[in-house]
Amino acid sequence: MDYLFLDAVSWQYSQALYHAAAYLGREALIILRPATPYVCLGYHQDARAEIDLDFAREASIPVFRREVGGGAVYLDGDQLFFQLIIRQDHPSVPRNIAGFYAKFLQPVVSTYQEFGVPAKYRPVNDILANGRKISGTGAGQISEMNILVGNFIQDFNYDMMSRVLRVPDEKFRDKVYKTMVDNLTTFKRETGHIPANADLAASLVRHCEPLLGEMRPTGLDQELTSKADELLLEMDSPEWLLANDQRRLVPSRVKIVEGVYVIEKMLKTPGGLVRVTAVDLNGRLSNVHISGDFFFFPAIKLTELEKNLEGVPLEKEDITRSIDRFYQAQQIESPGVMPEDFATVLTQ
């Protein structure tokens, strides 16, 4: 498998390159960091609901929406990112996402441990040190490829992360800040120093080779950069960033006419926050839009699930049955989010 240690690249390339490799069907392990800060939004999130876009614009912090689920994160050069792109039919790839995480996050855990961090893996996709999260990780599927992305958090700007998030008021923002400090840690905090990027990369490669075979060092080539540039024409645009928002209905439960209501509800599940807007049309679902920081595989099937709920009676049992059938027919995986969770959020 090809291995690219690129160190600092443009913030756009820090996202576009692994997308490009996946669309090209090229297996690779890419290790890099963004030269400048930005905010990255999960594939299923609504930008306006999650991010203070006005502040980000005023602070010259770009906001980008990736094709991998999970939550919004503030990214900068104090985080070194690993991006594994591998064919779904590769003999080393487990058949389910939970197994994929468990197998390919182990080299990350071993790398942390090699540099003195008491890292441990906790299913489904957490890496902890002394009870605090020390790596943000996520998986996705693009074309015929599986993707695992994550970071070695060397240091972290807690203040900026809390500032870019959309929150109801400053008191809530203070609580977000404190919660992050209490639950997110770094190399610097755990060991008092930050390892060199090249040393971290070399260690990760050594720990990956028993799983993936010999890693061949290489650099960027025209095919990869051309594909990345092509993808950025769409992905680095307001239309792509706000694609989910444009399907989102007016928030809160609002009566339109007798028997017709616009509703918005949310539910915190073990797999993440699920947010749903929909129309209650005389007791049946219409115009369902699902968003949040959860993972859903294959990601592109989420819009099909929304359409599948059109006309379903607004009853928990009916919704659960409909989603169960959809999951089985489409072989859906959503770690930590069960079909009945979607029914619960719609009927609570």
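The values are calculated or read from the model by the stated rules, or taken from the named source; none is laboratory data. The structure displayed is predicted, hence computed values, not measured ones. Counting neighbours? That spans all protein chains shown, and the Cβs are built from the backbone with ideal geometry, glycine included.
Below, the figures for the structure above:
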| quantity | calculated |
| --- | --- |
| Filter pass, Ser92 being on the phi > 0 side of the Ramachandran plot, touching a Gly at 6+ places or on another chain (Cβ under 9 Å) and either surrounded by fewer than 16 Cβ atoms within 10 Å (Cβ to Cβ) or not basic (Lys, Arg) (or both) | no |
| Residues that are of a type in the set (Gly, Ala, Ser) and over 21 Å from the mean Cα position of the chain (by Cα), drawn from segment 157-212 | Gly192, Ala196, Ala198, Ala201, Ala202, Ser203 |
| Residue within segment 80-90 that is within 13 Å of the chain's Cα centre (by Cα) and modelled with pLDDT of 95 or more present | yes |
| Check on Val93, of a type in the set (Val, Ile, Thr), within 29 Å of Leu273 (Cβ to Cβ) and under 16 Å from the mean Cα position of the chain (by Cα) | no |
| Every pair of residues 6+ apart whose Cβ atoms lie under 7 Å, when the first sits in segment 4-26 and is surrounded by fewer than 20 Cβ atoms within 10 Å (Cβ to Cβ) while the second is part of a helix (DSSP H, G or I) and among the polar types (S, T, N, Q) | Asp7/Asn197 |
| Subset of segment 188-200 (residues that are within 15 Å of Ser135 (Cα to Cα) and aliphatic (A, V, I, L, M)) | Ile194, Leu200 |
| Top-ranked residue of segment 119-130 - restricted to ones that are surrounded by 13 or more Cβ atoms within 10 Å (Cβ to Cβ) and not aromatic (Phe, Trp, Tyr), ranked as farthest from Ala98 (Cα to Cα) | Ala129 |
| Selection count where residues are surrounded by fewer than 20 Cβ atoms within 10 Å (Cβ to Cβ), at pLDDT below 95 and either hydrophobic (A, V, I, L, M, F, W, C) or farther than 26 Å from Val109 by Cα (or both), scope segment 39-72 | 2 |
| Those helices (runs of 4 or more DSSP H) lying entirely in segment 262-348 with at least 3 residues in contact with a Phe, Trp or Tyr (Cβ under 9 Å, 6 or more places away or on another chain) and either free of Cβ contacts under 8 Å to residues at least 24 places away in the same chain or under 30 Å from Gly136 (Cβ atoms) (or both) | 302-308 |
| Hits in segment 273-332 - residues which are among the hydroxyl-bearing types (Ser, Thr, Tyr) and either surrounded by fewer than 18 Cβ atoms within 10 Å (Cβ to Cβ) or in contact with a Pro (Cβ under 9 Å, 6 or more places away or on another chain) (or both) | Thr277, Ser286, Thr303, Thr320, Ser322, Tyr327 |
| Where Ala49 falls short, out of the listed (1) under 30 Å from Glu306 (Cα atoms); (2) free of Cβ contacts under 8 Å to residues at least 24 places away in the same chain; (3) touching a helix residue (DSSP H, G or I) at 6+ places or on another chain (Cβ under 9 Å) | (2) |
| Hey, Pro195 at pLDDT below 95 and either in contact with a Lys or Arg (Cβ under 6 Å, 6 or more places away or on another chain) or outside any helix (DSSP H, G or I) (or both) or not | no |
| Restricting segment 96-112 to residues that are at pLDDT 95 or above, among the aliphatic types (A, V, I, L, M) and farther than 26 Å from Trp11 by Cβ, the residue that is farthest from the chain's Cα centre (by Cα) | Val109 |
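Table: residues versus (1) surrounded by fewer than 15 Cβ atoms within 10 Å (Cβ to Cβ); (2) touching a strand residue (DSSP E or B) at 6+ places or on another chain (Cβ under 8 Å).
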site	(1), (2)
Pro168	yes, no
Arg173	no, yes
Arg189	no, no
Asn197	no, yes
Met215	no, yes
Asp236	no, yes
